[in-house]
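Let me begin by presenting the structure, written as structure tokens, before commenting on it.
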Amino acid sequence: MLLILLTTVFIILRILPGDPVIALWGGKTPPPDVVERARTALGLDQPVAVQYWNYLTSVFRGDLGTSIGGTYLGRPVWGVIAEKLPATVELAIGSMLVASLVGVGTGILAGSRRDTWVDVAVRLYGTIIWVIPIFWLGLIFQLIFSVWLGWLPANGRWTGGDLPVSVTGLYTIDSLLEGNLSHFGKALAHLVLPTLTLGLVLSGFFAKTVRANMLQTATADYCDAARARGIPERRVIYRHAFRNALVPVVTVLGLQFAILFAGAVLTERTFSIEGIGTLLLRSIESKDMTMIQGVVVVYATIIVGISLFIDIAAAVIDPRIRL
């Protein structure tokens, strides 16, 4: 999977129009000898096959190269990504918590009350929230909670004062590690609107998925047998139906967590958060090929790691998978 992604991105970046060397001069045409020296220094004068081989060997050595874009020119790609990654991770984890709590909770509620007004309301919610554009919902939240009510910050990760002592790069965690509740409250306040925006959009998909799986397991023979033995309906739903519906739900949750990193691009842009989503957009604008490739490597590694974790978690939940 990693090899396919790296190869695809490498090819696409080479066939797209534009020249990264020209882009460094803001679109102006530099002297030809300057262009040639720059292309030689960046290795762009070599055959594509040689560039591809050098790129792959560098990646698997852990060397993501050096930025060639105007914004981060000359800086190590991994250094810039490591600086921006905590913001995206913090946003993704917070959004996943919101999506899981709201989506799974409403999905169980709808699945256990089929064809009631609760079920209809959850299905309607899931359909509407899932198709709402992330940037539009974010702007509405900013307008209501920041401009009109003034309850929460409109953008950014931090405003005013000293930052928490950096240990993990996650402001909420670092604030707790230094024992500063004031810092924790400020970091959490900045995180509320972005995580609500991204988490609520995903919760619609979670709600519909959990509901569909609950409807299948709640009417299964083992649930009917449990009811016949006099087991309370609440216990049948949560102990038998939901537990057996959990394997596909865990798979969906895990894959959506990986997709969160893609959805974070729009959320970061809307709330002016300096994460790897914003970094990717800036790199595309400046045609910073090495930075784009580096971000894709990080995205791909995260997705592969999460996919592996999903397989292990599914085997732990359902012993039949281990057979």
What is the Å³ per residue value for the convex hull set by the Cα atoms of region 142-247? 168
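Would you calculate the volume per residue, in Å³, of the smallest convex hull containing every Cα atom of region 21-142? Spell out each step's value before the answer.
Details: hull volume 24.5 nm³, N = 122.
So the per-residue Cα hull volume is 201 Å³.
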State which helices in the chain qualify, where a helix is a whole DSSP H run, it must extend 24 Å or more along its own axis by its Cα atoms, and its mean Kyte-Doolittle hydropathy must be at least -0.5. 77-111, 181-218, 242-271, 289-317
Measure of compaction for the chain (Cα Rg per 2.2 N^0.38 Å): 1.21
Peptides 59-68, 264-273, 306-315 ordered by average Cβ neighbours within 10 Å, highest first: 264-273, 59-68, 306-315
With label points built 7 Å along Cα→Cβ from the Cα atoms of A121 and R39, find their separation and express it in nm. 6.5
Cβ-derived FRET efficiency at R0 25 Å, E83 paired with F135, nearest 0.05: 0.55
What is the distance in Å between the Cα centres of region 31-87 and region 1-22? 12
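If you take the alpha carbon radius of gyration of region 188-323 and divide it by 2.2 N^0.38 Å, what ratio comes out, to two decimals?
Values: Rg = 20.0 Å, N = 136, 2.2 N^0.38 = 14.2 Å.
Compared with the compact-globule rule of thumb, region 188-323 sits at 1.40.
Which FRET efficiency value, to the nearest 0.05, is calculated for A189 and A228 with the Förster distance at 51 angstrom and r the Cβ-Cβ distance? It would help to have the intermediate numbers written out before the result.
Details: r = 52 Å, r/R0 = 1.01.
Calculated value: 0.50.
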How far, in nm, would the chain grow between V147 and A212 when pulled straight, counting 0.36 nm per residue and subtracting the alpha carbon separation? 19.5 nm
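Since every read-out is calculated from the coordinates, none of them should be taken as a lab result. The shown structure was predicted, so the numbers you read here are calculated from the model rather than taken from an experiment. With ideal geometry, Cβ positions are generated from the backbone for all residues, glycine too; neighbour counts draw on all protein chains shown.
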